[in-house]
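Asks: Can you read through this structure? Questions will come right after.
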Amino acid sequence: MSAYPVLLHTAIDARDCRALAEFYRQLLGLRYRDGEEPPADGTSDDADWLVLLDDTGRRVLTVQEKQDTTPPTWPAEDVPMQMHMDFKVPTIEELERHRQRAVELGARVILDRSTDEGEPLYVLADPAGHPFCLLVQ
C-alpha cells in the first residue's frame, strides 16, 4: 500500500493529436510508446490517444484528440488556461536556446520575462494554444 497516488502522466487535449504529440516529442526529447509511432510512409493516421515516454520508459505526457476543444486565450480570461506545464533549464543561455527551438517547432511566445532577475522565463503557447513556461531554476 502506498501513502499517496503517483502521477502517471499529464494529458493534453488537441484537435490534431499526432501534431501536438510530435511537437512535445521533439521539444522534450521523448519517444512514442511502442506501436504508436507515426506511419513510416508519412501518411496521416487516426491516432486519438498517444503516450510519450522518457528514456527510461516512464510516461511523461499523453495527447488525446478532442475536436471541440478551444485554445486558451491567456492572459485574457475569455477561455481560461485550464492547465499548463513548467519546464526548467539551468541557465539564461539554455532558456534562449530552448525558446528558439520551441518557436521553430511551432510554439509562439505570449509573455517574455527573460530579463526578470529573480526568475527569468518565457510563457509560450504550443501549436494547439496550450500555454507552457520555460524558466531558469
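Asks: Among the numbered conditions (1) part of a loop (DSSP other than H, G, I, E, B); (2) under 17 Å from H130 (Cα atoms); (3) out of contact with any Lys or Arg (no Cβ under 9 Å at 6 or more places or on another chain), tell me where R18 comes up short.
Replies: (1)
Asks: For segment 54-77, enumerate the residues that are under 22 Å from R108 (Cβ atoms), of a type in the set (A, V, I, L, M) and either under 16 Å from the mean Cα position of the chain (by Cα) or not in a loop (DSSP other than H, G, I, E, B) (or both).
Replies: Of everything in segment 54-77, those that are under 22 Å from R108 (Cβ atoms), of a type in the set (A, V, I, L, M) and either under 16 Å from the mean Cα position of the chain (by Cα) or not in a loop (DSSP other than H, G, I, E, B) (or both) turn out to be L61, V63.
Asks: Let me ask something else. Output the number of the condition that D13 fails; it satisfies all remaining conditions of (1) under 14 Å from the mean Cα position of the chain (by Cα); (2) modelled with pLDDT of 95 or more; (3) among the charged types (D, E, K, R).
Replies: (2)
Asks: Can you tell me which residue is surrounded by the fewest Cβ atoms within 10 Å (Cβ to Cβ) among those in segment 59-117 that are of a type in the set (G, A, S) and more than 18 Å from R25 (Cβ to Cβ)?
Replies: In this case the residue turns out to be A76.
Asks: Among the strands (runs of 3 or more DSSP E) contained in segment 91-137, which hold 1 or more residues that are free of Cβ contacts under 8 Å to residues at least 40 places away in the same chain and either at negative phi or over 15 Å from the mean Cα position of the chain (by Cα) (or both)? Reasoning before the result, please.
Replies: Details: elements: 108-113, 121-125, 131-136.
Qualifying strands (runs of 3 or more DSSP E): 108-113, 121-125.
The values are calculated or read from the model by the stated rules, or taken from the named source; none is laboratory data. None of these values were measured; they are calculated from a predicted model. Ideal geometry is used to build each Cβ from the backbone, glycine not excepted, and the neighbour counts take in all protein chains shown.
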